[in-house]
Amino acid sequence: MDLDVLFVGTAGSAPTAARGLPALLVRRGGDRLLFDCGEGTQRQLLRSTGLIDLEEVFVTHFHADHVLGLPGMLKTFALRGRDRPLTVYGPPGLRALFRALGPIVGRPPFELTLVELEPNEELQRDGYRIAAFETQHGVTAYGYAIVEDERLGRFDEQRALELGVRPGPDFGRLHRGEPVPGADGDVRPEQVVGPARAGRRVVLAGDTAPSPMTAAVAHGADLLVHEATFGDEEAERARETAHSTARQAAELAAQAEVKLLALTHVSQRYAGPDLRDEAREVFERTIVPRDFDRVEIPFPERGGPIHIRAPREPRGEPRPADGEVEPSPTEGTEG
């Protein structure tokens with residue numbers, strides 16, 4: 001089951017020539033989950049994956065740079081004759097936001113459902129869950145964790161054959177925990193199935209000051225996407241605005257023992273490498289993705305997360321194409 005995170009927009013409160021406003025696309029198997037929808041998100045999607053018929057959008061909070069892309073995207077869906085339902089999730093206040101946007105959005109020709117999540121509420125999906133958690137941003141703001149279910153242990157096919165289990169349906173039943181007939185009586189699952197294996201965990205913190213809740217939710221995560229609006233020299237400004245510095249995000253990542261930290265919400269005053277270098281003084285496994293970069297997250301037994309850069313146009317702008325694979329974070333991934 002493939003799992004990756006596409007960085008649709010990585011800028012802070014204002015876009016730049018190279019960075020769009022906040023948006024992340026999580027892709028797991030056939031599921032496509034959009035987190036935040038800053039102004040211009042639909043064009044960013046057109047330049048990368050295409051404007052897919054999303055079924056679920058998750059909003060972290062209601063600051064303009066995270067939601068102003070929603071009206072345009074909904075209007076485009078309507079103009080294309082969309083008939084598939086769409087659900088938008090967010091903190092309390094989501095319905096009030098859409099009432100305010102009503103004159104712009106109008107009445108979509110497709111079913112639009114708004115769901116206000118409670119803190120720590122979980123949405124169960126096929127093989128994983130999406131959990132909302134409170135962050136610290138001066139307004140009601142959520143982060144989201146995508147947490148896969150525990151997986152079955154490895155099945156020792158050779159051992160099963162040695163015990164007289166017939167290949168075919170009995171292999172599947174045995175792997176799922178049912179005893180099956182063997183050469184000398186029933187064969188029990190524990191005789192041929194190893195310990196259960198952990199699923200993957202991706203944590204998207206949204207806009208937030210360093211938060212104990214984020215550290216707790218992200219503990220052991222394969223990927224933590226955390227904002228770094230400021231460098232360390234602006235720590236007081238970060239505190240006043242309930243944002244984070246690159247160093248603070250790195251300290252949190254180190255505390256949480258995550259496998260990879262991706263810094264986003266990059267202010268126009270920074271180029272990216274300066275924030276990356278500041279964070280790596282504390283936590284080496286840090287990247288600062290550009291728009292259309294992605295991080296692939298294999299199962300733990302197959303290695304760590306992989307940062308894949310989007311190719312650049314001659315002027316330095318990303319092209320909507322498959323990227324070049326970066327080295328493993330443990331080998332010094334560049335941000």
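Read-outs: derived from the displayed coordinates by stated rules, not from any lab. Just so it is clear, the structure is predicted and the values come from calculations on it, not from any experiment. Every residue, glycine among them, receives a Cβ derived from its backbone with ideal geometry; neighbour counts consider all protein chains shown.
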Notebook entry, point to check: Using a basic spin-label model with each label point 7 Å from the Cα along Cα→Cβ, how many nm lie between D277 and F299?
Noted result: 4.1 nm
Note to self: Springs between alpha-carbon pairs under 10 angstrom, Gaussian network model over the chain: which of E178, E233, E118 fluctuates most?
What the structure shows: E178
Checklist line | Relative contact order (percent, whole number), region 41-108, Cα cutoff 8 Å, 6+ residue spacing | finding: 40 percent
Next item on the list: Go through 98-105, 41-48 and give me the packing order, highest mean Cβ count within 10 Å leading.
Entry: 41-48, 98-105
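In what sequence, highest mean first, do 255-264, 50-59 appear when ranked by Cβ atoms within 10 angstrom? Could you put the intermediate results ahead of the total?
Working: 255-264: 23.3, 50-59: 17.6.
The packing order, highest mean first, is 255-264, 50-59.
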Check: Which value, in debye to the nearest 20, describes the size of the charge dipole of the chain about its Cα centre when Lys and Arg Cβ atoms bear +1, Asp and Glu Cβ atoms bear -1, and nothing else is charged?
Finding: 1040 debye
Note to self: Whole angstrom only: what separates the Cα centroid of region 1-42 from the Cα centroid of region 95-144?
What the structure shows: 16 Å
Next item on the list: Taking the Cα centre of region 182-321 as origin, work out the dipole magnitude from +1 charges on Lys and Arg Cβ and -1 charges on Asp and Glu Cβ, in debye rounded to 20.
Entry: 420 debye
Check: By how many nm would the segment from R237 to V139 grow when fully extended, if each residue of separation counts as 0.36 nm and the alpha-carbon distance is taken off?
Finding: 33.6 nm
Check: Efficiency by 1/(1 + (r/R0)^6): what FRET value for F110 and D156, r their Cβ-Cβ distance, R0 = 45 Å, to the nearest 0.05?
Finding: 0.40
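Work out, step by step, the length gained on full extension between E121 and D53: first 0.36 nm times the residue separation, then minus their alpha carbon distance; give nm to one decimal. Write down the numbers at each step before the final one.
Numbers: separation 68, 0.36 × 68 = 24.48 nm, distance 2.52 nm.
My answer for the length gained is 22.0 nm.
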Check: Between R129 and E178, what is the FRET efficiency for a Förster distance of 22 Å, r being their Cβ-Cβ separation, to the nearest 0.05?
Finding: 0.30
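Can you give the net charge of the other residues whose Cβ lies under 15 Å from the Cβ of L21, counting K and R as +1 and D and E as -1?
Details: positive: R19, R43, R47, R290; negative: D36, E39, D65, D207, E227, D291.
Summing Lys/Arg as +1 and Asp/Glu as -1 gives -2.
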